[in-house]
1. For ALA61, which sequence-distant residues (separation of 5 or more, or a different chain) have an amide H within less than 5 Å of its own amide H, given hydrogens modelled in the peptide plane?
2. Applying the Karplus parametrisation 6.51 cos²θ - 1.76 cosθ + 1.60 with θ = phi - 60° to the phi angles of region 16-33, what ³J(HN,Hα) value in whole Hz is obtained for each residue in order, glycine and proline being reported as x?
3. Can you send over the carbon and sulfur percentage of the accessible area for the chain, probe radius 1.4 Å, protein chains only?
4. Enter the accessible area per residue of the chain (Å², integer; probe 1.4 Å; all protein chains in place).
5. Taking 1 over the mean of 1/r across every pair of different Cα atoms in region 1-75, what Kirkwood radius in Å do you get?
6. Once both labels are modelled 7 Å past Cα along the beta-carbon direction, what's the ASP89-VAL36 spacing in nm?
7. Expressed as a rounded percentage, what relative contact order does region 1-129 have, with Cα pairs under 8 Å and six or more residues apart?
8. Starting at the first residue of region 35-40, write each ³J(HN,Hα) from the Karplus equation 6.51 cos²θ - 1.76 cosθ + 1.60 with θ = phi - 60°, in whole Hz, x for Gly and Pro.
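The values are calculated or read from the model by the stated rules, or taken from the named source; none is laboratory data. The model shown is predicted, which means the values in this text are computed figures rather than measured ones. Here the Cβ positions follow ideal geometry from the backbone for every residue, glycine too, while neighbour counts run over all protein chains shown. Note: accessible area is taken over every heavy atom of the protein model, side chains too, but ligands, DNA and RNA are not part of it. Shrake-Rupley method; radii C 1.70, N 1.55, O 1.52, S 1.80 Å.
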Amino acid sequence: MGARVAVVGSVNADYIVALGRLPQPGETVTGGRLSVRPGGKGANQAHAAARLGAEVILVAAVGRDEAGRAERDALAADHIDAGGLAECDAPTGVAVVLVDAGGENSIAVAPGANDLLTAGLVTERLDGWLAPGSVLLCSLEVPLEPVTAAAGLGARVGAHVIVNPAPGMPLPAALLRGAMLAPNEGEIRRMVPDAGSEAGAVTGLLGAGARAVVITKGGRGAVLHEAGQAPVEVAAPRVE
């Protein structure tokens, strides 16, 4: 078995509409193709890690509905530990995703059960599972309190804490210290809105104690920033 990866984040039913181009505000674009799939940033990250060979647990909240049952089935198919999945008296989250011919997207989310994930639930499910050298991956389509609690637990046991700050927002110091941050170009500006530039935002985050900042840039790859080191550019592989 590979690395142990714990994911704390969202589970959504994704309604994906593929279009020739994204609509402008107030505009209707027809001719789309609809697909409905299990999704959510947390669930997607858990599935990706499992398919890369990791031992994975997903800590998240779903509703007692068909979408929640579909996610459990999808987790089982990828051999992901569903012991961290809580059922709540709210519908499973829903995301409406518009994707154009070039792969650019626009997403609207109704969080549903994701908003009911709690710090107590996260620490209960992860206590004893995280270990020194394991990986904790968190994203922000759930409340900040459970994410901060998870990061604190990860730091105490010596896990590698990675925060995908999506959607982008200013984060508390407790969530920055010692974490590797992975924002995209828009999210890093929203994390440090007064920085004035991407470089200023990176400097501010590293100065606040972040271990590293990896800025993803779509087709232009990603850039790794660490304190006292020159930025490292990583090219994006071409895929269909």
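1. VAL11, ALA86
2. Each residue of region 16-33 in turn: 9, 10, 8, 10, x, 8, 6, x, 7, x, x, 9, 10, 10, 9, x, x, 10 Hz.
3. Working: 6540 of 11940 Å².
Carbon with sulfur: 55 percent of the solvent-accessible area.
4. Details: 11940 Å² over 240 residues.
That works out to 50 Å² per residue.
5. On the way: mean 1/r = 0.0710 Å⁻¹.
The Cα-based Kirkwood calculation yields 14.1 Å.
6. 2.6
7. RCO, region 1-129: 30 percent.
8. The phi angles translate into 9, 10, 9, x, x, x Hz.
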